[in-house]
1. At 7 Å along Cα-to-Cβ for each site, give me the label-to-label distance between B:Asn98 and A:Gln22 in nm.
2. Let me check I've understood the local charge: for A:Gly58, count other residues with C-beta under 9 angstrom from its C-beta, Lys and Arg +1, Asp and Glu -1. What total comes out?
3. I need the phi-derived Karplus couplings for the stretch B:59-65: 6.51 cos²θ - 1.76 cosθ + 1.60, θ = phi - 60°, integer Hz, Gly and Pro marked x.
4. Within chain B, what's the longest stretch lacking trypsin sites (Lys or Arg not before Pro) that sit in DSSP loops with no more than 13 other Cβ atoms inside 10 Å?
5. Scan chain A and report its longest stretch carrying no trypsin sites (Lys or Arg not before Pro) that are both in a DSSP loop and have at most 11 other Cβ atoms within 10 Å.
6. Taking a virtual spin label 7 Å from the Cα of B:Ser12 along the C-beta vector, which residues in the stretch B:93-116 bring their backbone nitrogen under 13 Å of it?
7. For the stretch A:84-100, take each phi angle, set θ = phi - 60°, evaluate the Karplus expression 6.51 cos²θ - 1.76 cosθ + 1.60, and give the result in whole Hz per residue in order, putting x for glycine and proline.
8. Report the local net charge at A:Ala81: Lys and Arg +1, Asp and Glu -1, summed over other residues whose C-beta lies under 15 Å from its C-beta.
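Read-outs throughout are calculated quantities, based only on the coordinates presented, and are distinct from any laboratory measurement. Keep in mind the model is a prediction, meaning the values are calculated, not measured. Heads up, the Cβs are rebuilt from the backbone with ideal geometry, glycines too, and the neighbour counts pull from every protein chain shown.
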Amino acid sequence: NAGVTQTPKFQVLKTGQSMTLQCAQDMNHEYMSWYRQDPGMGLRLIHYSVGAGITDQGEVPNGYNVSRSTTEDFPLRLLSAAPSQTSVYFCASSPGRRGTEAFFGQGTRLTVV
Amino acid sequence: AQKVTQAQTEISVVEKEDVTLDCVYETRDTTYYLFWYKQPPSGELVFLIRRNSFDEQNEISGRYSWNFQKSTSSFNFTITASQVVDSAVYFCALSDWNTGGFKTIFGAGTRLFVKA
């Protein structure tokens, strides 16, 4: 059972480039999220999804797009990378709505130069 | 607005010492959930505990214990007889009653160093 799988693990982008961070879970979880982790700021929610076809913005959504066409996949797209998007990105999934914990992927370390 | 404050940025202890990690939260909701996660040096995030706002009972799991006090909006985490393997960043987190880990406010984290 792989859990939550994120690819790639590391990525360097040039300013202005676009890319997609992949996230897949094999636990049939309905709820999925993207967080970014920056030093001294903990994790901040970018976007989340409560089911296939349903997404919503979190705390820091600007510069990112998401879609959820299947239960398993929840890709995060950076439209035009900026140095401020240098961060570690975590994908998470949860089996239920109320009070269930998140299961996290291993993270993607992104550097924008 | 919801907020989680972990005022201790870094704590350094010697093995076998007890250590308490503080967590103070703010929310206007009367019902909510609180979580603790651990992030070891390898980088993954590991769930430790969940508490709902109705349950103020302290919880103990081996060397770990949690003290939830609604009156002071605190959810502190104590490690008894710390070990080198406890070295990690620990995050406290808060979600409202209708959500959970998929939509959570995290504190900034406390980095714990346990020296042999």
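1. Computed distance between label sites B:Asn98 and A:Gln22 equals 3.5 nm.
2. Values: positive: A:Arg44, B:Lys103; negative: A:Asp56, A:Glu59.
That sum, taken over residues with Cβ under 9 Å, equals 0.
3. 10, 10, 9, x, 8, 9, 9
4. It works out to B:64-116.
5. The segment A:15-113 is the longest one with no such site.
6. Within reach of a label on B:Ser12, which here means backbone N under 13 Å from a point 7 Å along Cα→Cβ, the stretch B:93-116 contributes B:112-116.
7. Result, rounded to whole Hz: 5, 8, 5, 5, 9, 9, 10, 9, 9, 9, 9, x, x, 7, 7, x, 7.
8. Values: positive: A:Lys14, A:Arg36, A:Arg77, A:Arg109; negative: none.
Around A:Ala81, the charge tally is +4.
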